[in-house]
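The values are calculated or read from the model by the stated rules, or taken from the named source; none is laboratory data. If you're wondering where the values come from, they're calculated on a predicted model, not measured in any experiment. Glycine gets a Cβ as well: all are built from the backbone with ideal geometry, and neighbour counts include every protein chain shown.
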Amino acid sequence: MVFTSQENGEENMGLVDVGKTLAQVPGLLKLKKGMVPRDNAEHDCWAAQVTRNAANYGDRTALIFEGKSATWGELNALANQYARYLQSVGVSKGDTVSLLMENRIEFMAAFIGIGKVGAVAGLINTNLTGKPLVHCISTTESKACIIGEEVALAVGDVVSELPLEPGSGYVYVPDSGQASAPNWATNINDALPQLSDDDLAETNEITLGDTAAYIFTSGTTGLPKAAILSNRRALQSASMAHLAGFKAKETDRLYVCLPLYHATGLMLGVGSMIAAGGSVFLRRKFSASKFLDETREYNTNLLIYVGELCRYLANTPESQADKNTPITTMMGNGLRPDVWMRFKKRFGIKRIVEFYGASEGNVAFANLLNKDMTVGMTTAKVALVDYDVDADEIKRTTDGWCQEVDKGNPGLLLGHINPEAVFEGYTDPAATEKKVLRGVFEPDDAWFNTGDLMRTVDVGFDMGFQHYQFVDRVGDTFRWKSENVSTNEVGELINAHPQVEITNVYGVEIPGTDGRAGMAAIVPRPGESIDMASFSAHVNSELPAYARPVFIRLQNNLDLTGTFKLVKGELRNEAYDLDAVTDPIYVMKPGSDAYEPLTAEFVAELKAGNAGF
């Protein structure tokens with residue numbers, strides 16, 4: 001619809017908005033048809049879909065990576081060989097196989113191969129080392145571990161602490177070829193030529209109710225939780241992204257630079273292309289300097305993103321060629337309102353499908369109607385309940401019930417647990433139960449506690465679908481560098497330093513960044529003072545980079561509630577404001593591995609958004 005009358009401008013813009021919204025109807029109808037609940041006993045999985053893709057368009061490109069490519073037929077054949085190798089070392093349906101590899105074609109072949117057998121893929125963050133790595137492999141009782149050459153040294157450091165059988169328990173996948181397989185692992189490339197690449201009959205016996213993968217929560221202390229992902233939920237998520245998010249066809253190509261051990265890159269990214277039969281340009285890691293050139297060279301019209309990626313791109317020097325990119329549609333999460341419109345206009349993006357969801361959660365939101373600055377809508381039964389941020393607790397009535405907030409006000413998002421919105425939880429039953437709230441509005445109800453504050457927003461003509469906007473994490477978790485950081489777990493590790501008595505960890509805002517940076521208020525042990533060199537070394541050795549507090553505040557004591565909970569509200573409000581805080585504050589600057597005193601000059605850079613975070 002095009003209107004030129006200035007006199008009826010507002011009315012006409014409203015009609016344009018209605019027209020754009022109505023244009024989404026076909027996609028929503030297709031989604032509704034494709035998302036009809038399927039019985040858990042039905043046979044299907046991603047591995048079966050790849051088999052069908054190979055049969056239907058085996059000669060079409062599936063993956064492009066570092067100058068190499070694989071068709072659907074080639075990817076399927078390689079996955080079959082991986083599956084047969086796993087069977088040869090004793091892996092069968094229901095066993096867990098840990099997968100530790102950077103983004104590359106072999107990652108997808110291994111992941112699909114694990115699925116072909118009916119085994120469960122334990123997807124491990126490639127940044128993990130030491131105790132966190134041991135925990136991830138051990139907690140899922142892995143029968144084998146597939147490791148890439150690029151991470152073999154990290155695994156080698158902990159082999160003596162793992163229960164796997166040397167040799168057969170470790171499957172080594174070469175990368176650059178500069179290093180040979182260690183003596184405790186077997187090079188799979190030596191075995192592949194002797195293995196059949198025919199499809200496996202076992203794949204046809206895998207059901208929607210079977211577990212496809214374990215996706216780990218962010219490992220801020222070496223104790224990540226393994227979230228259970230069923231075939232049913234994996235296929236539903238991929239179908240949503242395929243049908244109503246990207247609206248993808250087999251002729252589309254998706255740009256993927258997010259790690260495949262995360263649900264966003266794997267489930268909604270590559271998974272959507274498996275569902276559509278499209279192709280993927282795959283990168284090990286994101287590069288802002290190469291992004292636009294690669295989108296043009298490989299004609300990628302779709303993008304899977306996280307907000308941090310978009311912020312980096314928005315902050316690169318502008319060029320007249322910025323809109324000369326084939327990307328028309330992008331899907332992801334964490335795109336901040338202050339970046340959204342700037343990014344959309346600069347790069348000529350027509351459709352942004354922001355979504356919200358957790359790997360283990362039972363609710364998901366998606367901006368399927370292409371409204372600006374919203375996580376969109378959901379078909380799940382949800383509630384936004386009143387939450388006291390300073391006290392870090394849900395507000396309840398005198399009768400003990402939760403209260404829903406007024407329209408537009410922030411509230412804690414809860415997802416109702418029912419047969420159509422199952423909370424699959426974690427491998428640890430105690431951890432699963434901690435995320436469930438019971439007796440919320442009725443004596444016998446059960447709700448998944450997302451730990452996130454959301455609010456409803458008015459997006460104009462919305463076809464009767466309520467839209468939502470993400471506000472913030474609450475309590476003991478905040479998000480930084482696209483990772484969830486547990487304040488309790490970070491605090492426990494900091495407390496292990498011999499000069500530390502107690503620690504209170506919280507997130508603080510830095511202008512121009514996504515999420516919140518970690519800050520720790522620390523009380524030294526009686527008679528001790530913190531040796532910052534020793535403390536810096538301790539933090540660097542015990543925590544992954546994204547979980548290391550950016551700021552350290554030294555205090556004589558910490559405020560506690562009547563139930564001995566650490567008080568965070570005032571600390572968060574004061575943050576690193578040197579005018580409001582008399583305690584010593586230290587900062588670990590970008591690119592540094594040591595804490596140094598925070599100065600007024602650096603605070604000015606922080607507030608101006610020029611500190612480099």
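Computed quantities for the displayed model
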item: Conditions (1) of a type outside the set (Gly, Ala, Ser); (2) surrounded by 14 or more Cβ atoms within 10 Å (Cβ to Cβ); (3) modelled with pLDDT of 90 or more: number failed by Glu528; result: (2)
item: In the range 272-303, residue nearest to Gly73 (Cα to Cα) [restricted to those that are surrounded by 18 or more Cβ atoms within 10 Å (Cβ to Cβ), polar (S, T, N, Q) and without any contact (Cβ under 8 Å) to a residue 60 or more places away in the chain]; result: Ser272
item: Residue match in the range 379-391 (condition: within 26 Å of Pro410 (Cβ to Cβ), in contact (Cβ under 8 Å) with a residue 12 or more places away in the chain and among the basic types (Lys, Arg)); result: yes
item: Count of the range 336-354 residues which are closer than 20 Å to Arg455 by Cβ and at pLDDT below 95; result: 6
item: Whichever residue in the range 497-521 is farther than 21 Å from Thr217 by Cβ and among the small types (Gly, Ala, Ser) and, among such residues, is modelled with the highest pLDDT; result: Ala521
item: Any chance Asp199 is touching a residue at least 40 places away in the same chain (Cβ under 8 Å), farther than 28 Å from Thr427 by Cβ and surrounded by 16 or more Cβ atoms within 10 Å (Cβ to Cβ); result: yes
item: In the range 31-46, residue modelled with the lowest pLDDT [restricted to those that are touching a strand residue (DSSP E or B) at 6+ places or on another chain (Cβ under 9 Å) and surrounded by 13 or more Cβ atoms within 10 Å (Cβ to Cβ)]; result: Asn40
item: Given (1) modelled with pLDDT under 95; (2) crowded, with 22+ Cβ neighbours inside 10 Å; (3) within 16 Å of Gln469 (Cβ to Cβ), number of the condition Gly361 does not satisfy; result: (3)
item: Matching option when the condition is at negative phi, over 17 Å from the mean Cα position of the chain (by Cα) and in contact (Cβ under 8 Å) with a residue 60 or more places away in the chain, among Ala446, Ala431; result: Ala431
item: Thr513 surrounded by 16 or more Cβ atoms within 10 Å (Cβ to Cβ) and touching a residue at least 24 places away in the same chain (Cβ under 8 Å); result: yes
item: 2 or more residues charged (D, E, K, R) and within 25 Å of the chain's Cα centre (by Cα): qualifying helices (runs of 4 or more DSSP H) within the range 92-202; result: 105-117
item: Any hit, the range 468-476, residues being at pLDDT 95 or above, closer than 18 Å to Thr374 by Cβ and part of a strand (DSSP E or B); result: yes
item: Only one of Leu75, Leu28 that is surrounded by 13 or more Cβ atoms within 10 Å (Cβ to Cβ), in a helix (DSSP H, G or I) and modelled with pLDDT of 95 or more; result: Leu75
item: Pairs where the first residue, in the range 115-139, is in the same structural domain as Lys225 (by TED's automatic domain parsing) and farther than 30 Å from Gly209 by Cβ and the second is part of a loop (DSSP other than H, G, I, E, B) and charged (D, E, K, R), C-beta under 8 Å, 6+ apart; result: Thr129/Asp157; Gly130/Asp157
item: Residue within the range 316-328 that is of a type outside the set (Val, Ile, Thr), buried (at least 18 other Cβ atoms within 10 Å of the Cβ) and within 25 Å of Met273 (Cα to Cα) present; result: no
item: Filtered residues of the range 98-138 (kept if surrounded by fewer than 24 Cβ atoms within 10 Å (Cβ to Cβ), modelled with pLDDT of 95 or more and among the hydroxyl-bearing types (Ser, Thr, Tyr)); result: Ser138
item: Number of positions in the range 561-581 that are among the charged types (D, E, K, R), in a loop (DSSP other than H, G, I, E, B) and at pLDDT 90 or above; result: 2
item: Subset of the range 159-183 (residues that are of a type outside the set (D, E, K, R), surrounded by fewer than 17 Cβ atoms within 10 Å (Cβ to Cβ) and under 16 Å from Thr140 (Cβ atoms)); result: Pro163
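Residue-wise test of (1) in contact with a Leu (Cβ under 6 Å, 6 or more places away or on another chain); (2) under 23 Å from Thr251 (Cα atoms); (3) small (Gly, Ala, Ser).
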position	(1), (2), (3)
Phe286	yes, no, no
Asn315	no, no, no
Asp322	no, no, no
Pro326	no, yes, no
Gly334	no, no, yes
Phe343	no, no, no
Arg351	no, yes, no
Ala364	no, no, yes
